[in-house]
Amino acid sequence: MTATWINTWMIVGMAVITIFIKTVIFVLGDRITLPALLKQALGFVPVTVLTAIIVPMILAPHDKGMEFTWRNPQLVAAVVAVIVSATTRHQLLTIFIGLAVFFGWQLGVLA
Amino acid sequence: MSHLTPRSSFIAGCRDTIPMLVGAAPFGVIFGSLVSANLLKAWQGQLMSLSVFAGSSQFIAIGLVAAQAGLLVILFATFIVNLRHMLYAAALLPYVAHLPARWRWLLSFLMTDETFAVMNSYYRLHPQSPTGHWYFLGSGLAMYGNWQFWTLIGLLFGAIFPQLQTLGLDFAMVVTFIAIIIPQLTRLPYFGAALAAGICAYPLRGLPYKIGLLLAVLIGIGVGLALARKKPDNKVLPGAV
């Protein structure tokens, strides 16, 4: 199969899974109850998934081993973004400053 | 508020969702731009927004496509990431259980983090409202239309400026995730869960099919549950992503 076909099936599969998850409780109603432990575990899903995705992208942006150095703009900008987010809790501000540092570091400091 | 008409309830639902629409707009643009940079066709990006309609899983799928993860891993990640919608549905079920099935199908498809937040506060104020489902429909459709529009803008934007990719647009996703994660780490179990997942994700990243990502998530959840058990303050608060 070509990549286009595989990706189309990926999207169809994602849609089926997501719609099932979203609708099953509303449609079946009280015939379904989630165990308390599962509910508690689900609460940790967003922060763990997102963190696990970005940490390798920050530490090894070129997929060639650890780049734990000030010459890694991903790392520098990510550290700044974490600080901005922790102090302001403002999403858009965090994104703007993080991107500004990322591009500024590449074009200004490292160029 | 119980004498509101369906129409005015619908409009109120749209109106009260406006802050969420503004907040979601940049994510739609970033998602659309990432699509063109990461092997998907533009129409596939729009199809994903139209049919999946769950932003964080769409971002994760794009990231996993870029990382050449296998199809099953992407589907499993979609399942895990979107499971929180069951929590939302369980919380809102008492207010919609009386509706005809077609309403329950429609409203549950339109449920997102944002509309859940809006509906949760609405039903707390108006638990008996006979037109609450119209308000729900207004909120959900406003989010849906908004997401389609900004996805399209991002797709066009990314096609016009393909050099965005070489500039490192993927970092927009990294910084977006940071902006989502950090405010949720105020309590120790969540902080510990994210820390453990992050620490494990790097050494495990080389495993095939991105299994390392799933292992890191499971370890993180385990750490979070263990920390929550130690403290009396272990209420479940799903993160809004």
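The values are calculated or read from the model by the stated rules, or taken from the named source; none is laboratory data. Predicted model only: the values in this text are computed from it and were never measured. All Cβ positions, even for glycine, are placed from backbone atoms using ideal geometry, and neighbour counts span all protein chains on display. Keep in mind that these areas ignore ligands, DNA and RNA; they rest on the heavy atoms of the full protein, side chains included. Shrake-Rupley method; radii C 1.70, N 1.55, O 1.52, S 1.80 Å.
Kindly indicate whether A:F68 is without any contact (Cβ under 8 Å) to a residue 12 or more places away in the chain and over 17 Å from B:V174 (Cβ atoms). It is false that A:F68 is without any contact (Cβ under 8 Å) to a residue 12 or more places away in the chain and over 17 Å from B:V174 (Cβ atoms). Quick one: in the range B:190-229, which of the residues that are closer than 20 Å to A:I83 by Cα and open to solvent by less than 30 Å² (accessible area, probe 1.4 Å) is farthest from the other protein chains (Cβ to nearest Cβ)? Among residues in the range B:190-229 that are closer than 20 Å to A:I83 by Cα and open to solvent by less than 30 Å² (accessible area, probe 1.4 Å), the one farthest from the other protein chains (Cβ to nearest Cβ) is B:G192. Selection of the range B:29-44 for residues being facing another protein chain (nearest Cβ under 8 Å), of a type outside the set (S, T, N, Q) and open to solvent by less than 30 Å² (accessible area, probe 1.4 Å) yields only B:L40. Scan the range B:39-46 and give yes if some residue there is of a type in the set (G, A, S), within 21 Å of A:I19 (Cβ to Cβ) and modelled with pLDDT of 85 or more, otherwise no. Within the range B:39-46, one or more residues are of a type in the set (G, A, S), within 21 Å of A:I19 (Cβ to Cβ) and modelled with pLDDT of 85 or more.
Taking (1) open to solvent by 20 Å² or more (accessible area, probe 1.4 Å); (2) under 18 Å from B:F157 (Cα atoms); (3) at the interface with chain A (Cβ under 10 Å from one of its Cβ atoms) in turn, B:F59 satisfies each apart from (1). Please enumerate the residues belonging to the range A:68-101 that are open to solvent by less than 40 Å² (accessible area, probe 1.4 Å), at the interface with chain B (Cβ under 9 Å from one of its Cβ atoms) and either more than 18 Å from A:I54 (Cβ to Cβ) or under 17 Å from the mean Cα position of the chain (by Cα) (or both). Of everything in the range A:68-101, those that are open to solvent by less than 40 Å² (accessible area, probe 1.4 Å), at the interface with chain B (Cβ under 9 Å from one of its Cβ atoms) and either more than 18 Å from A:I54 (Cβ to Cβ) or under 17 Å from the mean Cα position of the chain (by Cα) (or both) turn out to be A:Q74, A:A77, A:A78, A:A81, A:S85, A:T94, A:I95, A:G98, A:L99. Please indicate, with yes or no, whether at least one residue in the range A:22-35 is under 24 Å from the mean Cα position of the chain (by Cα), part of a helix (DSSP H, G or I) and either within 15 Å of B:A216 (Cβ to Cβ) or of a type in the set (A, V, I, L, M) (or both). Looking for residues that are under 24 Å from the mean Cα position of the chain (by Cα), part of a helix (DSSP H, G or I) and either within 15 Å of B:A216 (Cβ to Cβ) or of a type in the set (A, V, I, L, M) (or both), one finds none in the range A:22-35, hence no.
Please specify each residue of the range B:21-65 satisfying the condition of being of a type in the set (A, V, I, L, M, F, W, C) and touching a Pro at 6+ places or on another chain (Cβ under 9 Å).
Across the range B:21-65, the qualifying residue is only B:A37.
Of all positions in the range A:65-74, at least one carries a residue that is more than 30 Å from B:Y88 (Cβ to Cβ) and assigned to a helix (DSSP H, G or I).
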